[in-house]
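Reviewing the structure listed below.
FYI, it's all coordinate maths here, none of it is from the lab. Keep in mind that what you see is a predicted model, and the values were worked out from it rather than measured. Cβ placement follows ideal geometry from the backbone for every residue including glycine, while neighbour counts extend to all protein chains displayed.
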Amino acid sequence: DILLCIGTGKDRHDPERLRFQGQEWYFKSPDEMRERFADRPEILANTLEVAARCDVEFESHVHLPQFPRPSGFPSDADYLRHLAFHGAAERYGEALPEEARARLDYELDVIISTGYAGYFLIVWDFIRAARERGIPVGPGRGSAAGSLVAYALRITDVDPLKFGLLFERFLNPDRVSMPDIDVDFCYERRGEVIEYVREKYGTRSVGQIVTFGTLQSRAVVRDVGRTLGFTPAETDR
């Protein structure tokens with residue numbers, strides 16, 4: 001109950017606050033569960049049997065859905081290279097500066113050799129789809145802003161050459177790991193983007209994740225004290 005008050009920022013004595021009815025909102029001990037299901041002991045036995053049958057081994061490499069590229073491009077690498085140079089020409093003009101051309105060639109070689117050409121196409125596609133639907137998209141943040149390929153594809157709107165940003169902070173050929181492209185969509189319409197990806201690649205290829213935060217001792221004491229009506233000075237003593 002106190003944790004609920006902390007999460008909602010309410011005083012525990014507030015009669016209008018959100019509250020759960022009953023006194024059973026906690027994890028029961030094995031003895032309590034056996035007592036509650038005394039007339040159906042097989043139910044508890046079956047939960048253990050189900051747990052014993054669950055034996056899943058996760059492969060430790062990345063599985064990406066196949067991007068449906070148009071005809072005329074035999075590989076994801078070919079299509080990505082085409083899009084990158086076409087986009088760079090739109091950014092810098094048809095007479096592409098040598099610095100931009102060399103940087104594009106280098107980044108594309110790294111992206112393709114590490115097997116992430118399809119990943120870039122997938123991200124490029126759903127950002128493009130969002131813009132076509134009038135969904136606001138952020139300019140890009142994090143290490144992806146250091147990629148000229150991302151800038152050429154309009155995944156980001158930050159010119160890494162202008163600001164001296166490093167591609168290796170995003171994808172380092174000497175220390176390969178899954179590149180992380182942070183994308184911000186309008187929170188009111190981000191569900192449309194998720195649904196677009198689901199429809200294109202199937203529900204089994206799309207997931208959402210959640211992070212859990214933990215409360216540290218000093219902060220917990222203060223938060224509990226606040227919900228119980230104590231002043232900060234009292235809880236800090």
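Stretching Phe230 away from Lys200 to a fully extended chain increases their span by 5.5 nm, per 0.36 nm per residue minus the current alpha-carbon distance. If you run the Gaussian network model on the chain, springs between alpha carbon atoms under 10 Å, then out of Leu153, Leu215, Leu96 the most flexible one is Leu215.
Potential lengthening of the chain between Thr8 and His82 amounts to 21.6 nm, from the contour at 0.36 nm per residue minus the alpha-carbon distance. As a calculated quantity, the FRET efficiency between Glu168 and Leu18 at R0 = 45 Å, using C-beta atoms, amounts to about 0.40. Inter-part distance, the range 21-91 to the range 103-130, computed on C-alpha centroids, equals 25 Å. Other residues whose C-beta falls under 15 angstrom from the C-beta of Cys5 contribute a net charge of +1, scoring Lys and Arg +1 and Asp and Glu -1. Once the chain from Trp25 to Ala51 is taken as fully extended at 0.36 nm per residue, the excess over their C-alpha distance is 7.0 nm. Straight Cα distances below 20 angstrom link Lys28 to the aspartates and glutamates Asp1, Asp39, Glu42, Glu49, with same-chain residues fewer than 8 positions distant left out.
Kindly give Rg over Rh for the chain, based on alpha-carbon atoms, with the Kirkwood expression for the hydrodynamic radius. With Rg and the Kirkwood Rh in hand, the quotient comes to 1.14. Please say if the range 1-72 is rounded, prolate or oblate, where rounded means a/c under 1.5 for a ≥ b ≥ c the square roots of the C-alpha gyration tensor eigenvalues, and otherwise the choice is prolate for a/b larger than b/c and oblate otherwise? Because a/c hits 1.5 or more and a/b fails to exceed b/c, the range 1-72 counts as oblate.
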